[in-house]
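Visitor: Got a structure here, written out as structure tokens. Questions coming.
The values are calculated or read from the model by the stated rules, or taken from the named source; none is laboratory data. Predicted model, so just to flag it, every value in this text is computed and none were measured. Note: ideal-geometry Cβ built from the backbone for every residue, glycine included; neighbour counts use all protein chains shown.
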Amino acid sequence: MIRLTSTLLCTFAMVSAAHAAPGDKAVAEMKGLEGQILGAVTLIETAQGVLVTGELTQLSPGPHGFHLHAVGQCKPPFATAGGHFNPDGRKHGFHDGAGSHAGDLPNLHAASDGKAVVDALAPGLTLSGGAKSLLDQDGTAIVVHAKADDYKTDPAGASGDRIACGVVTKAR
């Protein structure tokens, strides 16, 4: 397994408008195009943003674009998840001088056995109310793409097809 640790934003989709406080959690069950369960992601609100952790399996080895999308829906081929979560109206990519989408995350790297571990921070995002909440009325989705994000090409880093998706929901 390869562990991805960096400052980033990440999550699945379709979250309720319920309020969260630091320490509150949300979850996203990741599914592939055929409906197979590929793993789960846990989101925890912190004072610095949303901590995103989890493990995925059955991915092709190598890097994959990994993003928070603006709509909490995951109907294959996952176009229903909309574009990247972008409440500030910025361009895509960490290499953009004006800043990136709030939903831009570092690439997810799958090992030769198809497993990938996520351990990242989505700075400035919340699970509570407001424009930067991942649990807004239309929810949020986490999407895995077929290819690596180049961190510069707008709107999605030339990361290819959407191959996995999960809707973010408030944990009980």
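Visitor: What's the total number of residues in segment 140-164 that are part of a strand (DSSP E or B) and closer than 13 Å to residue 84 by Cβ? Show your work before the answer.
Guide: Filtering segment 140-164 for residues part of a strand (DSSP E or B) gives 141-145, 162-164.
Pick out the ones that are also closer than 13 Å to residue 84 by Cβ and you get 141-143, 145, 162.
The number of residues fulfilling the criteria is 5.
Visitor: Right, something else. Run residue 55 past the list (1) surrounded by fewer than 16 Cβ atoms within 10 Å (Cβ to Cβ); (2) touching a strand residue (DSSP E or B) at 6+ places or on another chain (Cβ under 9 Å); (3) acidic (Asp, Glu) and report the number of the one that doesn't hold.
Guide: So the condition that residue 55 fails would be (1).
Visitor: So, residue 38, is that one farther than 19 Å from residue 122 by Cβ, at pLDDT 90 or above and in contact with a Gly (Cβ under 7 Å, 6 or more places away or on another chain) or not?
Guide: Yes, satisfied.
Yes/no per residue for (1) more than 29 Å from residue 152 (Cβ to Cβ); (2) modelled with pLDDT of 90 or more; (3) assigned to a loop (DSSP other than H, G, I, E, B); (4) aliphatic (A, V, I, L, M):
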residue	(1), (2), (3), (4)
13	no, no, yes, yes
20	yes, no, yes, yes
44	yes, yes, no, yes
71	no, yes, yes, yes
90	no, no, yes, no
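Visitor: Counting only residues that are buried (at least 16 other Cβ atoms within 10 Å of the Cβ) and more than 13 Å from the chain's Cα centre (by Cα), how many does segment 80-95 have?
Guide: At the first step, the residues of segment 80-95 found to be buried (at least 16 other Cβ atoms within 10 Å of the Cβ) are 80-82, 84-87, 90-94.
Checking which are more than 13 Å from the chain's Cα centre (by Cα) leaves us with 80, 87, 90-94.
Adding up the residues that qualify gives 7.
Visitor: Condition (residue is in contact (Cβ under 8 Å) with a residue 12 or more places away in the chain, within 19 Å of residue 169 (Cα to Cα) and charged (D, E, K, R)) applied to segment 50-67: is it met by at least one residue?
Guide: yes
Visitor: Right, next: For segment 137-172, which positions are among the acidic types (Asp, Glu) and crowded, with 22+ Cβ neighbours inside 10 Å?
Guide: Within segment 137-172, just 149 meets the criteria.
Visitor: Restricting segment 58-78 to residues that are over 18 Å from residue 148 (Cα atoms) and of a type in the set (A, V, I, L, M, F, W, C), which is surrounded by the most Cβ atoms within 10 Å (Cβ to Cβ)?
Guide: Among those residues, the one meeting the criterion is 74.
Visitor: Could you tell me whether any residue of segment 94-110 is more than 20 Å from residue 35 (Cβ to Cβ), in a strand (DSSP E or B) and among the charged types (D, E, K, R)?
Guide: Within segment 94-110, one or more residues are more than 20 Å from residue 35 (Cβ to Cβ), in a strand (DSSP E or B) and among the charged types (D, E, K, R).
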